[in-house]
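Undergrad: Before I ask anything, here is the structure I am working with.
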Amino acid sequence: MRAFICGLKGVALDGEERAFLRDAAPWGVILFRRNIDAPEQVSRLTAEVRDALGRHAPVLVDQEGGRVQRLGPPHWRAYPAAARFELAAANAAQAERLAWLGARLIAHDLRQVGIDVDCLPVLDTPADGSHSIIGDRAYSRDPARVAALGRAAAEGLMAGGVAPVMKHIPGHGRARADSHLELPVVEASREDLERVDFSPFKANADLPMAMSAHVVYTAIDPAAPGTLSKAVIGDIVRGHIGFDGLLMTDDLSMKALTGSFRERAERAIGAGCDIVLHCNGDLAEARPVSEGAPELEGAALARAEKALECMRQIEPFDVTEVTREFDAAMRAVV
């Protein structure tokens, strides 16, 4: 089993993809809209993946709500963007309850089709002038509220047997560029970064998994984005923030990064990431990523095993009653 996660090409595995999974042995796979048709199809696909890998491998998805929702209508409900919870609530406690309810319902949807890891919560704190790539995906512009609402969402997922992945550690909210398209450079002081950007992650440092940010923080390391920076991962993520869970990269195919795909994987692992992520399903890229990813062992393996413990116990809940409560509150927000 190697320290990488890969995307898939379509709604079913073909022979080439099945052979790749068998031979490359990724820790898990991640699904996107191109992989999603109907519930029965997704259930078949997740079963096919696990059959090809010969184990119950984690299956990930980005199911945030709002703009980032891979499973959607007509087969799944449209969930609200994170920013809407504060708008719908009369007070802080109710906003947190809504974040929990929404995530608990998402977990129910995902487990029904064999998905057990959700790349949620987004703990980025947007700043004035920042790029809209985060925008309403963030819970608030107040880092304390981001921390509290993100915690509620993570607990909602875990109550449903789905492991949360907080992103994008140590913070993408201040970036003025979209890291899918170019490399963002943040020039804030370390003091400001610690006070705002890093704060929600520090408050949630006990969560099981996190995804790195392809962002340069000049006050920490002016030469490399966080994903590839020993200073950012060692001094900030593991040090100041105190996160000791499983650290995965954001997608290595994003244009914020340069170099060959094998080099990207090797640099990320060398900087301190536990697992590398490649999303687009292109095997010409995924193969060198897999070659640059080591066997998952030692501390990284221990973190991976611990991260999945929250999948094993699902707290009972009444889906009809939870849906009624959630919808009644959210209906008031246009």
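The values are calculated or read from the model by the stated rules, or taken from the named source; none is laboratory data. All of these numbers come straight from a predicted model, not from anything done at the bench. Cβ placement follows ideal geometry from the backbone for every residue including glycine, while neighbour counts extend to all protein chains displayed.
Undergrad: Given the conditions (1) touching a strand residue (DSSP E or B) at 6+ places or on another chain (Cβ under 7 Å); (2) buried (at least 21 other Cβ atoms within 10 Å of the Cβ); (3) touching a residue at least 60 places away in the same chain (Cβ under 8 Å); (4) not in a helix (DSSP H, G or I), and given that MET158 satisfies all but one, which numbered condition is not satisfied?
TA: (4)
Undergrad: Run PRO74 past the list (1) at pLDDT below 95; (2) in a loop (DSSP other than H, G, I, E, B) and report the number of the one that doesn't hold.
TA: Result: PRO74 passes all but (1).
Undergrad: Which is of a type in the set (D, E, K, R), touching a helix residue (DSSP H, G or I) at 6+ places or on another chain (Cβ under 9 Å) and in a helix (DSSP H, G or I), of ARG174, ARG151? Let's see the steps before the verdict.
TA: Numbers: ARG174 fails: in a helix (DSSP H, G or I).
Exactly one residue qualifies, and that residue is ARG151.
Undergrad: Among the candidates ALA138, ALA148, ALA177, single out the residue that is closer than 29 Å to VAL59 by Cβ and surrounded by fewer than 24 Cβ atoms within 10 Å (Cβ to Cβ).
TA: Values: ALA138 fails: surrounded by fewer than 24 Cβ atoms within 10 Å (Cβ to Cβ); ALA177 fails: closer than 29 Å to VAL59 by Cβ.
Among ALA138, ALA148, ALA177, only ALA148 is closer than 29 Å to VAL59 by Cβ and surrounded by fewer than 24 Cβ atoms within 10 Å (Cβ to Cβ).
Undergrad: Further question on the same structure: Given (1) in contact with a strand residue (DSSP E or B) (Cβ under 7 Å, 6 or more places away or on another chain); (2) basic (Lys, Arg); (3) under 30 Å from ARG77 (Cα atoms), where does ARG312 come up short, assuming only one miss?
TA: (1)
Undergrad: Out of curiosity, is ARG141 part of a loop (DSSP other than H, G, I, E, B) and within 22 Å of LEU101 (Cα to Cα)?
TA: Spelling it out, ARG141 is indeed part of a loop (DSSP other than H, G, I, E, B) and within 22 Å of LEU101 (Cα to Cα).
Undergrad: Shifting gears a bit: Checking HIS56 against (1) closer than 13 Å to ILE115 by Cα; (2) touching a residue at least 24 places away in the same chain (Cβ under 8 Å); (3) more than 16 Å from the chain's Cα centre (by Cα), only one condition comes out false. Which one?
TA: Of (1) closer than 13 Å to ILE115 by Cα; (2) touching a residue at least 24 places away in the same chain (Cβ under 8 Å); (3) more than 16 Å from the chain's Cα centre (by Cα), only one is false for HIS56: (2).
Undergrad: Can you find a residue in the stretch 94-105 that is at pLDDT below 95, surrounded by fewer than 21 Cβ atoms within 10 Å (Cβ to Cβ) and not polar (S, T, N, Q)?
TA: Taking every residue of the stretch 94-105 in turn, none turns out to be at pLDDT below 95, surrounded by fewer than 21 Cβ atoms within 10 Å (Cβ to Cβ) and not polar (S, T, N, Q).
Undergrad: All but one of (1) more than 24 Å from PHE198 (Cβ to Cβ); (2) outside any loop (DSSP other than H, G, I, E, B) hold for ILE236; state the number of the condition that does not hold.
TA: (1)
Undergrad: From (1) closer than 19 Å to LEU123 by Cβ; (2) out of contact with any helix residue (DSSP H, G or I) (no Cβ under 8 Å at 6 or more places or on another chain), pick out the condition that doesn't hold for ALA93.
TA: (1)
Undergrad: Can you name every residue in the stretch 261-309 that is part of a helix (DSSP H, G or I), of a type in the set (D, E, K, R) and farther than 21 Å from PRO164 by Cα?
TA: ARG262, GLU263, ARG264, GLU266, ARG267, GLU285, ARG287, GLU291, listed by residue number.
Undergrad: Further, regarding this structure: So which of PRO170, PRO184 is at pLDDT 95 or above, of a type outside the set (Lys, Arg) and within 19 Å of ASP128 (Cα to Cα)?
TA: PRO170
Undergrad: Here's something else I'd like to know. What number of residues within the stretch 82-137 satisfy the criterion of being in a loop (DSSP other than H, G, I, E, B), in contact (Cβ under 8 Å) with a residue 60 or more places away in the chain, closer than 23 Å to VAL215 by Cβ and among the acidic types (Asp, Glu)?
TA: Result for the stretch 82-137: 1.
Undergrad: So, in the stretch 234-276, of the ones that are over 17 Å from the mean Cα position of the chain (by Cα) and β-branched (Val, Ile, Thr), which residue ends up surrounded by the most Cβ atoms within 10 Å (Cβ to Cβ)?
TA: Step by step, filter the stretch 234-276, then rank; the result is ILE236.
Undergrad: Scan the stretch 301-317 and give yes if some residue there is surrounded by 13 or more Cβ atoms within 10 Å (Cβ to Cβ) and of a type in the set (S, T, N, Q), otherwise no.
TA: no
Undergrad: Still on this structure, please answer the following. State which residue is nearest to the chain's Cα centre (by Cα) when the search covers only the stretch 180-197 and only residues that are crowded, with 22+ Cβ neighbours inside 10 Å and not in a loop (DSSP other than H, G, I, E, B).
TA: ASP197
Undergrad: Name every residue in the stretch 1-60 that is touching a His at 6+ places or on another chain (Cβ under 9 Å), surrounded by fewer than 19 Cβ atoms within 10 Å (Cβ to Cβ) and not in a loop (DSSP other than H, G, I, E, B), in order of residue number.
TA: PRO39, ARG50
Undergrad: Continuing with the same structure: So ALA256 passes all but one of these: (1) at pLDDT 95 or above; (2) in a loop (DSSP other than H, G, I, E, B). Which condition number does it fail?
TA: All conditions are met except number (1).
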